[in-house]
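Encoded as structure tokens, the structure appears first; notes follow it.
The values are calculated or read from the model by the stated rules, or taken from the named source; none is laboratory data. Remember, it's a predicted structure, so these values are computed and weren't measured experimentally. Reconstructed Cβ throughout: ideal geometry from the backbone, glycine too, with neighbour counts over all protein chains shown. Side chains included, ligands, DNA and RNA excluded: accessible areas come from the protein's heavy atoms. Shrake-Rupley method; radii C 1.70, N 1.55, O 1.52, S 1.80 Å.
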Amino acid sequence: MKRNLLILAAMLIVSMTACSQADKAKKQPATMKKTLIAYFSASGVTRSVAQRMANINGATLHEIKPEQPYTDADLDWTNDKSRSSLEMKDKTSRPAITDKIDNMADYEVVYVGFPIWWYTAPTIINTFMEAYDFSGKTVIPFATSGGSSIKKACADLKSAYPDIEWGEGRLLNNTSDKELKAWMQP
């Protein structure tokens, strides 16, 4: 009789634990949103931040790659005739990108990172934004910069793509992992 009671008690404990685990599994997907971190990096600074963000958050990382890579001469902002200078002067410029994302529909949150060029996002970011449907997603810009803020870039993106649900953008120069984690919490 004692043996039957022990078996019954053990079964009850296992059953309660299994139900508790099932409840946790049901709740987890609602709080864990599938996240993409897409970034363009000309010199590697933004790439470094994006990689840290992906490691902290467990997000998918995607590099926005120009079809024609930028050379040092292309990035010479002091030369009015450099590729980056010409692209930034032309508001319709849309540099071609490679490595398109096949499963964009899977993501609920998309962080879009870039260096600040001429106080705003590089025109390749417009190419990326126009390549996908962001309906039902939250898009959050982040940037790195040698001296500019992200405010104009955020305002420009919101103005150009008013139908997108934008999260608050942030400049991530010298940001600690602890600060990144706190900022990325839902």
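So which pairs qualify, if the first residue must be in region 154-167 and closer than 20 Å to SER93 by Cβ, the second must be in a helix (DSSP H, G or I), the Cβ gap must be under 7 Å, and the two must be at least 6 apart or on different chains?
ALA160/ASN126; TYR161/MET129
Mind listing whichever residues of region 123-154 are touching a Pro at 6+ places or on another chain (Cβ under 7 Å), of a type outside the set (A, V, I, L, M) and either open to solvent by 30 Å² or more (accessible area, probe 1.4 Å) or at pLDDT 95 or above (or both)?
Of everything in region 123-154, those that are touching a Pro at 6+ places or on another chain (Cβ under 7 Å), of a type outside the set (A, V, I, L, M) and either open to solvent by 30 Å² or more (accessible area, probe 1.4 Å) or at pLDDT 95 or above (or both) turn out to be THR123, THR127, THR144, CYS154.
Can you name every residue in region 83-129 that is assigned to a loop (DSSP other than H, G, I, E, B), without any contact (Cβ under 8 Å) to a residue 24 or more places away in the chain and either within 19 Å of THR144 (Cα to Cα) or of a type in the set (Asp, Glu) (or both)?
Selection gives ASP102 alone.
Do you know which residues across region 155-170 are open to solvent by less than 50 Å² (accessible area, probe 1.4 Å) and under 14 Å from the mean Cα position of the chain (by Cα)?
Answer for region 155-170, where residues must be open to solvent by less than 50 Å² (accessible area, probe 1.4 Å) and under 14 Å from the mean Cα position of the chain (by Cα): TRP166, GLY167, GLY169.
Going through region 168-186 one residue at a time, which ones are without any contact (Cβ under 8 Å) to a residue 40 or more places away in the chain, in a helix (DSSP H, G or I) and under 22 Å from PHE134 (Cα atoms)?
Within region 168-186, just TRP183 meets the criteria.
If you scan region 83-107, which residues turn out to be closer than 30 Å to THR138 by Cβ, open to solvent by 50 Å² or more (accessible area, probe 1.4 Å) and hydrophobic (A, V, I, L, M, F, W, C)?
Scanning region 83-107 gives a single hit, ALA105.
Evaluate region 143-152: report whether one residue or more is without any contact (Cβ under 8 Å) to a residue 40 or more places away in the chain, touching a strand residue (DSSP E or B) at 6+ places or on another chain (Cβ under 7 Å) and closer than 21 Å to ALA54 by Cβ.
Yes; the residues of region 143-152 include at least one that is without any contact (Cβ under 8 Å) to a residue 40 or more places away in the chain, touching a strand residue (DSSP E or B) at 6+ places or on another chain (Cβ under 7 Å) and closer than 21 Å to ALA54 by Cβ.
Inspect all residues belonging to region 143-165 and state whether any of them is within 17 Å of VAL45 (Cα to Cα) and of a type in the set (Phe, Trp, Tyr).
no
Of all residues in region 33-82 being part of a helix (DSSP H, G or I) and not aliphatic (A, V, I, L, M), which is least open to solvent (accessible area, probe 1.4 Å)?
Ranking the qualifying residues of region 33-82, first place goes to THR46.
On the given criteria, is TYR107 in contact with a Lys or Arg (Cβ under 6 Å, 6 or more places away or on another chain) and within 22 Å of PRO162 (Cβ to Cβ)?
yes
Within the bounds of region 24-31, is there any residue that is open to solvent by less than 90 Å² (accessible area, probe 1.4 Å) and either over 18 Å from ASP106 (Cβ atoms) or at pLDDT 50 or above (or both)?
Yes - at least one qualifying residue is present in region 24-31.
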